[in-house]
Amino acid sequence: MGDPTHDSSDFLTDKSAKIFVAGHRGLVGSAIVRKLQSLGFTNLVLRSRSELDLTRQFHVDSFFAAEKPRFVILAAAKVGGIHANNTYPADFIALNLQIQTNVIDSSFRHGVKKFLFLGSSCIYPKLAPQPIPENALLTGPLEPTNEWYAIAKIAGIKMCQAYRIQYSWDAISGMPTNLYGRNDNFHPENSHVLPALMRRFHEAKVNNAKQVVVWGTGSPLREFLHVDDLADAVVFLMDKYSGLEHLNVGSGKEVTIKDLAELVKEVVGFEGDLVWDTSKPDGTPRKLMDNSKLLGLGWTPKISLKDGLVDTYKWYVENVVGQ
């Protein structure tokens, strides 16, 4: 692992520095933009997909030649659940490789001072030790249902490392755990467990349903990080970290799916029964990332799961319900 250095700590001192946040409309990118704006940054470069297609090398290179940002945070990716990964594997590997390769290479060639690549906990082997340390990467087979996406993300980590080794370019990578918060995907079919539970409890409350049925026993342990905490970690990494190794970004706190469901039920205010369909599968029994390296550098998450759920539900009611 390269030693973390402090040569890039001017990230927080020049609030007029030009920063390109790729993927600014998504769950992660929008949180990063909110954080940077709250800190007083005034020169954010933002482009929607219709304005800049990151899969097109010529368009990306022309954008960098014209804008010449000083810092780049890559939060853009083709994402989806298990069904989407199984149905469109070519999209998940090809589009993500195209986005990463174009943005990383153009950033380097057009003089970006520091680059942050964001990945996912799915980069780790299916049977990785728990909590999952950074050095578990490439030690075993991936979860088959999302290996196309995972392989693209692993390639992104390795590309940042390769440019650091060959060119001494300051490219770093962060791997977040399961995220939630404003701008999450609450789609009834293809959302993740937390927003899916929130939507189901809300609709049950509105319809005066007597019960909500959830798959499994509720025993699996999962880790969740509010996306505003991730945005805080992104700023911390841009300011404080310049190492070769990717860093995990997690809450370090586990919750059973049962306790999560009870908490969401309480936050939403559903007063019916929560029923577990134990004939349905549970999934992986435990998935927790080891974020001790990031904690050792001085960063800590600040938003409790309860507070984060209250904030997310308020946003859901105001922005999704009735849309």
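The values are calculated or read from the model by the stated rules, or taken from the named source; none is laboratory data. In this text the structure is predicted, and so the values were computed from the model without any measurement. Glycine gets a Cβ as well: all are built from the backbone with ideal geometry, and neighbour counts include every protein chain shown. Heads up: the accessible areas ignore ligands, DNA and RNA and are worked out on the full protein's heavy atoms, side chains in. Shrake-Rupley method; radii C 1.70, N 1.55, O 1.52, S 1.80 Å.
For this structure, a couple of remarks:
- Subset of the stretch 121-136 (residues that are under 28 Å from residue 19 (Cβ atoms) and either at pLDDT below 95 or among the hydrophobic types (A, V, I, L, M, F, W, C) (or both)): 121, 122, 123
- Sub-9 Å Cβ pairs linking a first residue in the stretch 233-254 that is at positive phi to a second residue that is open to solvent by 30 Å² or more (accessible area, probe 1.4 Å) and outside any loop (DSSP other than H, G, I, E, B), at least 6 apart or interchain, are 252/292; 252/295, ordered by first then second residue.
- The lone criterion from (1) within 17 Å of residue 115 (Cβ to Cβ); (2) under 20 Å from the mean Cα position of the chain (by Cα); (3) open to solvent by 70 Å² or more (accessible area, probe 1.4 Å) left unmet by residue 37 is number (1).
- Each residue in the stretch 312-323 was checked for being in a loop (DSSP other than H, G, I, E, B) and surrounded by 14 or more Cβ atoms within 10 Å (Cβ to Cβ), and 1 of them qualify.
- The helices (runs of 4 or more DSSP H) found entirely in the stretch 8-95 that carry 2 or more residues being farther than 21 Å from residue 186 by Cβ are 27-38, 57-67.
- The sole residue among 191, 219 that is polar (S, T, N, Q) and under 15 Å from the mean Cα position of the chain (by Cα) is 191.
- Within the stretch 64-78, the set of residues being out of contact with any Asp or Glu (no Cβ under 9 Å at 6 or more places or on another chain) and surrounded by 18 or more Cβ atoms within 10 Å (Cβ to Cβ) comprises 64, 69, 71, 72, 73, 74, 75, 76, 77.
- Top-ranked residue of the stretch 275-288 - restricted to ones that are within 29 Å of the chain's Cα centre (by Cα) and hydrophobic (A, V, I, L, M, F, W, C), ranked as nearest to residue 208 (Cα to Cα): 276
One line per residue, one yes/no per condition, for (1) open to solvent by 30 Å² or more (accessible area, probe 1.4 Å); (2) among the aliphatic types (A, V, I, L, M); (3) touching a residue at least 12 places away in the same chain (Cβ under 8 Å):
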{"position": "114", "(1), (2), (3)": "no, no, yes"}
{"position": "127", "(1), (2), (3)": "yes, yes, yes"}
{"position": "130", "(1), (2), (3)": "yes, no, yes"}
{"position": "134", "(1), (2), (3)": "no, no, yes"}
{"position": "148", "(1), (2), (3)": "yes, no, yes"}
{"position": "160", "(1), (2), (3)": "no, no, yes"}
{"position": "165", "(1), (2), (3)": "yes, yes, yes"}
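- With a requirement of 3 or more residues that are open to solvent by 10 Å² or more (accessible area, probe 1.4 Å), more than 23 Å from residue 29 (Cβ to Cβ) and modelled with pLDDT of 95 or more, the helices (runs of 4 or more DSSP H) lying completely within the stretch 192-311 that satisfy it span 193-206, 257-268, 292-297.
- Residue within the stretch 42-62 that is closer than 28 Å to residue 182 by Cα, acidic (Asp, Glu) and either open to solvent by less than 30 Å² (accessible area, probe 1.4 Å) or at pLDDT 95 or above (or both) present: yes
- Pairs meeting the criteria (first residue in the stretch 299-318 and over 14 Å from residue 197 (Cα atoms), second residue open to solvent by less than 40 Å² (accessible area, probe 1.4 Å) and assigned to a loop (DSSP other than H, G, I, E, B), beta carbons under 6 Å, at least 6 apart or on different chains) are 301/251.
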